[in-house]
Amino acid sequence: MTSLRQRMTEDMQIRNLSINTQASYVQQISLFARYFKQSPELLGPEEIRAYQVYLTKERKLAVGSILIAIAALRFLCKTTLKKEWDSARLLSIVTISQLKETGA
């Protein structure tokens, strides 16, 4: 287990997140890191936005699934990495839904 994963797991345990939520968040962060082939510590808002587009357009995931990935990334950034979370730079749910509808 990497030190980042260990720290994130401890942060989730301290906040009493359920075991299922913890497993889901760790999986989502792992998928995010594998997509970019880099540690999530090195990635920022532009990569998160690009990942949203990938999940929407290429993976064609439902909005709920994308929200889980974003929640995991928000927890990692704000809580574990103590980075600022700028939600204004991310795609809104309306935008995600529009992308899915138009296939753009």
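Arrange the following residues from fewest to most other Cβ atoms within 10 Å of their Cβ: VAL26, VAL53. Show your work: numbers first, answer last.
On the way: VAL26 17, VAL53 13.
Listing VAL26, VAL53 from fewest to most nearby Cβ atoms yields VAL53, VAL26.
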ask   = Cross-link partners among aspartates and glutamates for LYS60, C-alpha distance below 13 Å, same-chain residues fewer than 8 apart left out?
value = GLU101
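Taken together, the values in this text are just the output of simple stated rules run on the coordinates, not laboratory data. The shown structure was predicted, so the numbers you read here are calculated from the model rather than taken from an experiment. All Cβ positions, even for glycine, are placed from backbone atoms using ideal geometry, and neighbour counts span all protein chains on display.
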